[in-house]
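Q: Quick one: this structure, given as structure tokens, is what I'll be asking you about.
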Amino acid sequence: STPAVSPQVGSHRDISIESLSLFRLLEPQIEILVLGTGDRVERLHPAMMKQMRECGIAVEVQDTANACATFNFLMNERRVVAAGLIPP
């Protein structure tokens, strides 16, 4: 099968339902998606957050430094987690 190709995400403005679709395809299904939006926390469109929740994936949006720490903490807790990180 062909791997999913996610659109390039250079800033929080590029995060879309399409760019998040890759995370819905992962096996095993992730419980939590940690998104790092660069130097500061950026709000994502509520419809995107709702769609991910409806797929059973909680989304945590933080600045990238905190998102990395959260990802590591959740990994240590043995949670099924993925991260999407935009460099600060």
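Q: Roughly how large, in nm² to one decimal, is the mean projection of the convex hull of the alpha-carbon atoms in segment 17-85?
A: Spelled out: convex hull of the Cα atoms, projected over all directions, averaged, 4.2 nm².
Q: What is the percent carbon and sulfur in the accessible area of the chain, measuring with a 1.4 Å probe over the protein chains and ignoring ligands?
A: Within the chain, the accessible surface is 53 percent carbon and sulfur.
Q: Keeping every protein chain present and rolling a 1.4 Å probe, give me the accessible area per residue for the chain in Å².
A: 65 Å²
Q: Please tell me the relative contact order of the chain in percent, rounded to the nearest whole number, where contacts are Cα pairs under 8 Å and at least six residues apart.
A: After rounding, I find 35 percent.
Q: Suppose every K and R has +1 on its Cβ and every D and E has -1 on its Cβ; what is the size of the dipole of the chain about the Cα centre, in Debye to the nearest 20?
A: My answer is approximately 120 debye.
The values are calculated or read from the model by the stated rules, or taken from the named source; none is laboratory data. Bear in mind the structure is a predicted one, so any value in this text is a computation, not a measurement. Backbone-built Cβ (ideal geometry, glycine too); neighbour counts: all protein chains shown. When the accessible area is computed, the model is the full protein with side chains, heavy atoms only, and any ligands, DNA or RNA have been set aside. Shrake-Rupley method; radii C 1.70, N 1.55, O 1.52, S 1.80 Å.
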